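Trainee: Below you'll find the structure I mean.
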Amino acid sequence: MNKPLRRISIFCGLLVLALLVRTNWLQYVQAEELSTRKENRRVQIAQYAIQRGNIIVKGGQAITGSTATDGSDYKYKRTYVDGALWAPVTGYASQAFGSTQLEALEDKILTGNDDRLFFDRTIGMFTGEKKAGGNVVTTLMPDVQKAAFDALRNNKGAVAAIDPRTGAILALVSTPSYDPGSFAGNSKADEKAWVELKDGEDKKLVNRALRETYPPGSTFKVVTAAAALEHGVVKDVNEPTDTPEPYILPGTRTPMVNHAQGCEKASLLAAMRVSCNSVFANLGDKVGRDKMVETAEKFGFNNDKIDTPVRAFASVYDKTMNRDGNAQSSIGQFNTAATPLQMAMVTAAIANDGKLMKPYMVDELTAPNLDVVEKHEPEEMSRPVSAANAQKIQQTMVDVVENGTGKPAKIKGVTVGGKTGTAQHGEGNKKRPYAWFISYVQNPDGTSPVAVAVVIEDSSADREDISGGGLAAPVAKAVMEAVLKSKI
Amino acid sequence: MSVVTNTTTIGAIELPSRRNTELMLLVFAVVIPIFAYANVGLAIHGELPPGMLAYGGGLAVLAGLAHFVVRRYAKYADPLLLPIATLLNGLGCVLIWRLDQSERLQNLAKRSFGAFSESAPRQMMYTAVAIALFAAVLLLLKDHRTLQRFTYISMAAALVLLILPVIPGLGADVFGAKIWISVAGFSIQPGEFAKIVIAVFFAGYLMVKRDALALASRRFMGLYLPRGRDLGPILMIWAMSLLILVFENDLGTSLLFFGMFVIMLYVATERTSWIVIGLLMSVGGAVVVGTFASHVQARVNAWLDPFGCYTTSGACEQVGQSIMSFGSGGVLGTGWGQGNSDLIGFAANSDFIFSTVGEELGLSGVMAFLLLYGLIIERGVRTALAARDPFGKLFAIGLSGAFSLQIFVVAGGVMGLIPLTGMTMPFLASGGSSVLANWALIGILIRISDTARRPAPAPAPSPDSEMTQVVRPS
């Protein structure tokens, strides 16, 4: 009977071997895939197993927190200080609904799992210190953010403010906002809050400052002016242009409507002051589509990789449109669309004498013991205009605030440059227009501490420029004043 | 049969009893679980568990007692079986205690049953009873051949044990499988005991009938086909397995019995045709039942693509959770007490206990456990080879074969290698029947190996094997 016994013993051995092969397959080959599957709750459990690190604003104040929960799955829950104010910066970290923006992008630092924190973790193993999350230190200024948020009041809109010298984002506001703390947990109440926000009409979860594009309207004329100067179409801002009145869009019989007087043969300076559509359509046409595209792209248009590190939507300047489309686009209509951040970048580039700094909002990543893990160095992104041309545009923008449509943004004793905009949109331009205002502050030494872009949806105005100046300019003014005040 | 190995040869030289080897191994088998226990306490509560001394002392006393009984009553027994079983049982208690500490499982129990009760103390008590049973087996069963007398009584007993769970009022339906009975507050899984009892019947029956089954056959396509009337027993066992499957929803037990019978039949008759017939019958049965029984279908679907039906089917979720548990453990595991295998929920400390091994001890731990089981099987097969009487051979190979099938079916099920069946991992899983039955099984193997290795004054006459030799066509 021993021969079959030996065979049976081989058979039993094969059974065990099959199990050994299988466990190697599961725990070695497929380990990574299985341990990070979406069904695997361990991922979230690990995310909330320790006190999450904080997102910190300028001045050292933390705008997030972490609180112990009594649930058995997740030990801690994210909390937010003034959540609605900061939501466009932090994003959310919810046990049940995932995370976005800084909370998602810097998750490894915040949970203490980043490879660069390995050394701290290893030391902690020996000293018995509990594992903790690192911090994300941002460039945002609480006073400026608050000023922008309060100034927007109940309006639907967004504000983006940049320090033109470095590209540091000083304020990033989107209204109406939401409190990310309201659905940070995984209870029934959290689910209710989440569903309401997600399906609500106001699109509160959308970060309008980075993730929504609007037709920029007349504020885009700054880009057209830059293109005209850079490509030699205009040499002197005081020299009259050859714009007829009425100006007929090239290749059509449609006249370009002006909402201002005295646009015939107006100089760049005068055209900017009263916001002549005909002059800028004419200039844009003379520059030509491809060169307009070139300049716009240098300012950051058509770039879908503007990472702050939160990625902003790409602003658009159409590369394939007809001549009349290009003329309309030169005044920020037709297919042109921009995020508030993009228009703040345009303003910042002009204010910084033509040098566009890469916008960023994370200044430092720090370990739990506050050692700096990573520090952002300001970085030049491009040079859309020469310093001389930038100063010429600055001259026109200061004139807009001193004598033109931008008067509501005037600040006593400080040089301010700006440009208003009212963008029509919707079928036959029937919808209520968007009110825009872009502006910057100039120090006596020529540098600029802040460039800001404001957009307000649903503005009630119907006349070009007045709404931009009337509605959006005071918001920009409040932001600039807050920056100036905090500098003292 | 031409090869006669040394193990079966009885020399005049007395073999070393190997009892001291066993004692030394037992020390490890007791110390390792104690360390594991301390490890769990430190990982979960940050302090040594309070029952450290009681647990360590208890395990040591039980192991010492078992060793004493073996030393006294089965001097020449295999030295590996007892230490490995002790180690597995000790670690099993630690695993169960670790899962008792899980808040998630405590809340689940409170929600479902209104109260949570710890399983580890009960498991320790069962272990003590099981070691007593082990000692009793060695004390009462002086020679395994006495069991031969109970061949047909065993058959009746096995049938009764298997039928018990379906009797109304006695059987209990736990998670869909009707393999439990509850008597006086205790839940018993009769199938675990039936495994041993039925092995007695198979061994006794086949020893008597093997010649008829082996010799009276016709040759057909290179296979020796048995006569129709000789097919009777295998058909009966096959039908019984299918009935278990259909009425008790228990794929595991049914597979185990049929597999064990085929293995023993093959060993007894040395006819490959039985294997072929057995395989064909299992496949046929599986296909028929798989097509008509919905619970089997659910299990098969869960096996084919656990994540495809993860949110819609409980069976899929269980398998998916178990696989993720293994995957999350990786090569080295999270360490005792630091995994989340309790996410599996129900049956985490019984059917799915191996997933906790996978997650917390990792690939290395799982391989170590599989090799320990492999060693038990290997010692069992070696015992069968060494046994001098056909009954002992058949009995030992039946028990080892069933043991290896059970390991394969359970571990393969939780690892997603084969469809999941409702069986428990020997020595690890929480449950009194399983511990008792498996200790009895180890006791019997130790008895057979003792008889095999005992230097007898003269070899037991084995006319049987000689006769086979003479008749076999070369």
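Trainee: From the residues in the stretch B:265-280 that are under 23 Å from the mean Cα position of the chain (by Cα) and either surrounded by fewer than 20 Cβ atoms within 10 Å (Cβ to Cβ) or at pLDDT below 85 (or both), which one is nearest to B:ARG388 (Cα to Cα)?
Mentor: B:ILE275
Trainee: On to the next question. Quick one: which of A:ALA338, A:ALA270 is crowded, with 24+ Cβ neighbours inside 10 Å and at negative phi?
Mentor: None of the others qualify; the one that does is A:ALA338.
Trainee: Go through (1) more than 9 Å from chain B (Cβ to nearest Cβ); (2) touching a residue at least 12 places away in the same chain (Cβ under 8 Å) for A:ARG41 and report which single condition fails.
Mentor: Failed condition: (1).
Trainee: Being surrounded by fewer than 18 Cβ atoms within 10 Å (Cβ to Cβ), within 10 Å of chain A (Cβ to nearest Cβ) and among the hydrophobic types (A, V, I, L, M, F, W, C), is that true of even one residue in the stretch B:295-310?
Mentor: Yes.
Trainee: Would you list the helices (runs of 4 or more DSSP H) that sit entirely within the stretch B:249-353 and hold 2 or more residues that are within 28 Å of B:LEU108 (Cβ to Cβ)?
Mentor: Fully inside the stretch B:249-353 and qualifying: B:251-269, B:294-304, B:314-329.
Trainee: Another question about this same structure. Could you figure out which of (1) within 16 Å of A:GLY217 (Cβ to Cβ); (2) over 26 Å from the mean Cα position of the chain (by Cα); (3) in a helix (DSSP H, G or I) isn't true of A:ALA260?
Mentor: (3)
Trainee: Would you pick out the residues in the stretch B:415-432 that are crowded, with 24+ Cβ neighbours inside 10 Å and either at the interface with chain A (Cβ under 10 Å from one of its Cβ atoms) or among the acidic types (Asp, Glu) (or both)?
Mentor: B:MET415 - this is the single residue of the stretch B:415-432 that is crowded, with 24+ Cβ neighbours inside 10 Å and either at the interface with chain A (Cβ under 10 Å from one of its Cβ atoms) or among the acidic types (Asp, Glu) (or both).
Trainee: Please find, within the stretch B:330-379, the residue that is nearest to the other protein chains (Cβ to nearest Cβ) out of those that are among the hydroxyl-bearing types (Ser, Thr, Tyr) and surrounded by 23 or more Cβ atoms within 10 Å (Cβ to Cβ).
Mentor: B:TYR373
Trainee: Now a separate question. Residues of the stretch B:311-329 being of a type in the set (Ser, Thr, Tyr) and away from chain A (no Cβ under 12 Å), which ones?
Mentor: Filtering the stretch B:311-329 down to residues of a type in the set (Ser, Thr, Tyr) leaves B:311-313, B:322, B:325, B:328.
Result: B:THR312, B:SER313.
Trainee: Cβ contacts < 7 Å: first residue at negative phi, restricted to the stretch A:365-378; second residue surrounded by fewer than 21 Cβ atoms within 10 Å (Cβ to Cβ) and among the small types (Gly, Ala, Ser), any location; separation 6+ or different chain. Result?
Mentor: Close Cβ pairs satisfying both conditions: A:PRO368/A:ALA132.
Trainee: Can I ask one more? For the stretch A:406-420, how many residues meet the condition of being touching a Ser or Thr at 6+ places or on another chain (Cβ under 7 Å) and part of a loop (DSSP other than H, G, I, E, B)?
Mentor: 1
Trainee: What tally of residues in the stretch B:85-107 results from selecting those that are touching a residue at least 12 places away in the same chain (Cβ under 8 Å), within 14 Å of another protein chain (Cβ to nearest Cβ) and in contact with a Phe, Trp or Tyr (Cβ under 7 Å, 6 or more places away or on another chain)?
Mentor: The total comes to 0.
Trainee: Sticking with this one: Answer with yes or no whether A:THR138 is within 14 Å of chain B (Cβ to nearest Cβ) and β-branched (Val, Ile, Thr).
Mentor: Numbers: within 14 Å of chain B (Cβ to nearest Cβ): no; β-branched (Val, Ile, Thr): yes.
No: the conditions fail for A:THR138.
Trainee: Tell me which residues, restricted to the stretch B:106-123, are surrounded by fewer than 22 Cβ atoms within 10 Å (Cβ to Cβ) and in a helix (DSSP H, G or I).
Mentor: B:GLN106, B:ASN107, B:LEU108, B:ALA109, B:LYS110, B:ARG111, B:SER112, B:PHE113, B:PRO121, B:ARG122
Trainee: Additional query: State whether one or more residues within the stretch A:299-306 are loosely packed, with under 15 Cβ neighbours inside 10 Å, charged (D, E, K, R) and free of Cβ contacts under 8 Å to residues at least 24 places away in the same chain.
Mentor: Yes, the stretch A:299-306 contains a residue that is loosely packed, with under 15 Cβ neighbours inside 10 Å, charged (D, E, K, R) and free of Cβ contacts under 8 Å to residues at least 24 places away in the same chain.
Trainee: Regarding A:GLY59, is this residue more than 15 Å from A:GLY181 (Cβ to Cβ), open to solvent by 30 Å² or more (accessible area, probe 1.4 Å) and more than 12 Å from every other protein chain (Cβ to nearest Cβ)? Break it down stepwise before answering.
Mentor: Details: more than 15 Å from A:GLY181 (Cβ to Cβ): yes; open to solvent by 30 Å² or more (accessible area, probe 1.4 Å): yes; more than 12 Å from every other protein chain (Cβ to nearest Cβ): yes.
Yes.
Trainee: If you scan the stretch A:414-450, which residues turn out to be under 26 Å from A:GLY354 (Cβ atoms), open to solvent by 30 Å² or more (accessible area, probe 1.4 Å) and not acidic (Asp, Glu)?
Mentor: Those that are under 26 Å from A:GLY354 (Cβ atoms), open to solvent by 30 Å² or more (accessible area, probe 1.4 Å) and not acidic (Asp, Glu): A:VAL414, A:THR415, A:GLN442, A:ASN443, A:PRO444, A:THR447.
Trainee: Looking only at residues in the stretch A:9-30 that are over 12 Å from B:LEU417 (Cα atoms) and among the aromatic types (Phe, Trp, Tyr), which one is least open to solvent (accessible area, probe 1.4 Å)?
Mentor: A:PHE11
Trainee: Among (1) farther than 30 Å from B:ALA402 by Cβ; (2) within 8 Å of chain B (Cβ to nearest Cβ); (3) open to solvent by 40 Å² or more (accessible area, probe 1.4 Å); (4) not aliphatic (A, V, I, L, M), which single condition is A:ASP73 missing?
Mentor: It is condition (3) that A:ASP73 fails.
The values are calculated or read from the model by the stated rules, or taken from the named source; none is laboratory data. Nothing here was measured: the structure is a model prediction, and the numbers come from that model. Neighbour counts are summed over all protein chains in view; Cβ atoms, including those assigned to glycine, are modelled from backbone coordinates with ideal geometry. The protein model used for the area step is the full one, side chains on, heavy atoms only, and it has no ligands, DNA or RNA in it. Shrake-Rupley method; radii C 1.70, N 1.55, O 1.52, S 1.80 Å.
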